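One structure below.
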Amino acid sequence: MRETIEKVKEEIKKASISTVEQLEEYRLEFLSKKGKVPALFLDLKNVPGEMKKEMGQAINEVKKIAQERFDLAKGEVQEKDSKEKRDFVDPGLPNIPGKVGGRHPISIVRDKMIKIFERIGFNISHGPEIEDDWHNFTALNFPPDHPAREMQDTFFIGRDPDITLRTHTSSVQVRVMESEKPPIRTLSPGRVFRNEAISARAHCIFHQVEGLYINKGVSFVDLKQTLYHFAREFFGENTKIRLRPSFFPFTEPSAELDVSCPFCKGKGCKICKGTGWVEIGGAGMVDPRVLRNCNIDPDVYSGYAFGMGIERITMLKYQVNDIRLFFENDIRFLKQFQREL
Ligand code: PHE
């Protein structure tokens, strides 16, 4: 009997219990009704009377060890099991979507503007950022040494006065007029450069959207209606526009384009400095000289042109108070536009 008890005790100590299955096997083998420990108690019947007490104590001892081993192993196995379940990766599950990058506010606004004009028949044209004097100035009726050139503080490439960074995307319109026959209805979005001191309101790099329409019988009414259409589509139905007489060498007559302040609806606020109006660009009827420079007969055709600053319009739309924010790539600024894909 003593030997049997010792043998069971050894088996209990040696049993390996590291999985839920092994735990159950252990329980069945030693602790269940038909297990080895209850069997020892049954054997006690056959032990002679004087030994019963001693054997009984020894079996109780084994029972205690068996139970303690079980309780300890149960805790460990359960912890391990739940960790495994937690760490389990099911490769068949759909991917957790990662964070997508946002679009730059300038791109968002540029594309909104493009869509509005595309819907009324404008195509999109692009040209080089490094331009020659002809496309940026001369063809647009800026005579050499004309003071109007100073309106656009120009960056030159090296010492060559003929090669510049374009100061406006009107240069693209010259290229389109030179290479296509009217009717022309084109929109030229792009980056432009001016040698200006950088401040909250001005930057040496910015973006424009310029439009051009050339056909027979195009009049100022067409221009006004197109700008009105754009203003309402972009800023909202009740937006008004105002055209103030101005000067550009390439348009005659020329005008400055204002929209009713999108914040105070024309009542006057900080943004519009109390005037109720904000300026968003320039416009006018294409000067006959410009048409002639591009081999278009001004006696047959006429046209209008307009140009707007994308930064200006973006600042208005999103109430951005410093133009430099568009070029700093500060993630805290850009993040705010993340949802507008
Ligand atoms: N090109 C002008 C500018 O950059 C804007 C403009 C375009 C004005 C077309 C009138 C007509 O200032």
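The values are calculated or read from the model by the stated rules, or taken from the named source; none is laboratory data. Predicted, not measured: the structure shown is a model, and the values here were computed from it. Glycine also receives a Cβ, built like all others from the backbone with ideal geometry; neighbour counts cover every protein chain displayed.
Suppose we keep only residues that are of a type in the set (A, V, I, L, M) and within 16 Å of the ligand (Cβ to nearest atom) within segment 253-274. Which one would you say is farthest from MET315 (Cα to Cα)?
This residue is ALA255.
Being at pLDDT 95 or above, in contact with a Ser or Thr (Cβ under 8 Å, 6 or more places away or on another chain), within 13 Å of the ligand (Cβ to nearest atom) and in the same structural domain as VAL209 (by TED's automatic domain parsing) narrows it down to one of GLY282, GLY309, so name that one.
GLY282
State whether one or more residues within segment 231-252 are of a type in the set (Ser, Thr, Tyr), in a strand (DSSP E or B), within 11 Å of the ligand (Cβ to nearest atom) and in contact with a helix residue (DSSP H, G or I) (Cβ under 9 Å, 6 or more places away or on another chain). I'd like the intermediate steps shown before the answer.
Filtering segment 231-252 for residues of a type in the set (Ser, Thr, Tyr) gives 239, 246, 251.
Among the residues that remain, those that are also in a strand (DSSP E or B) are: 246, 251.
Imposing the further condition that a residue be within 11 Å of the ligand (Cβ to nearest atom) reduces the set to 246, 251.
Those left that are additionally in contact with a helix residue (DSSP H, G or I) (Cβ under 9 Å, 6 or more places away or on another chain): 251.
Yes, segment 231-252 contains at least one residue that is of a type in the set (Ser, Thr, Tyr), in a strand (DSSP E or B), within 11 Å of the ligand (Cβ to nearest atom) and in contact with a helix residue (DSSP H, G or I) (Cβ under 9 Å, 6 or more places away or on another chain).
If we keep just the residues of segment 314-341 that are out of contact with any Lys or Arg (no Cβ under 9 Å at 6 or more places or on another chain) and β-branched (Val, Ile, Thr), which is nearest to the ligand (Cβ to nearest atom)?
Here the answer is VAL320.
Please indicate, with yes or no, whether at least one residue in segment 153-169 is assigned to a helix (DSSP H, G or I) and on the phi < 0 side of the Ramachandran plot.
no
Checking LEU140 against (1) closer than 19 Å to GLY303 by Cα; (2) away from the ligand (no atom under 13 Å from the Cβ); (3) of a type in the set (A, V, I, L, M), which single condition isn't satisfied?
Of (1) closer than 19 Å to GLY303 by Cα; (2) away from the ligand (no atom under 13 Å from the Cβ); (3) of a type in the set (A, V, I, L, M), only one is false for LEU140: (2).
Of everything in segment 243-268, what is surrounded by fewer than 14 Cβ atoms within 10 Å (Cβ to Cβ) and either within 17 Å of SER219 (Cα to Cα) or modelled with pLDDT of 95 or more (or both)? Give them in sequence order.
ARG244, PRO245
Against the definition (within 16 Å of the ligand (Cβ to nearest atom) and surrounded by 10 or more Cβ atoms within 10 Å (Cβ to Cβ)), how does VAL176 come out, yes or no?
Judged against the criteria, VAL176 is a match.
What residue, among those in segment 293-341 that are aliphatic (A, V, I, L, M) and assigned to a loop (DSSP other than H, G, I, E, B), is farthest from PRO182 (Cα to Cα)?
Restricting attention to segment 293-341, the residues satisfying the condition of being aliphatic (A, V, I, L, M) are 296, 300, 305, 308, 310, 313, 315-316, 320, 323, 325, 331, 334, 341.
Narrowing further to those that are assigned to a loop (DSSP other than H, G, I, E, B): 296, 300, 320, 323, 341.
Details: ILE296: 8, VAL300: 10, VAL320: 39, ILE323: 37, LEU341: 36 Å.
The extreme case among them is VAL320.
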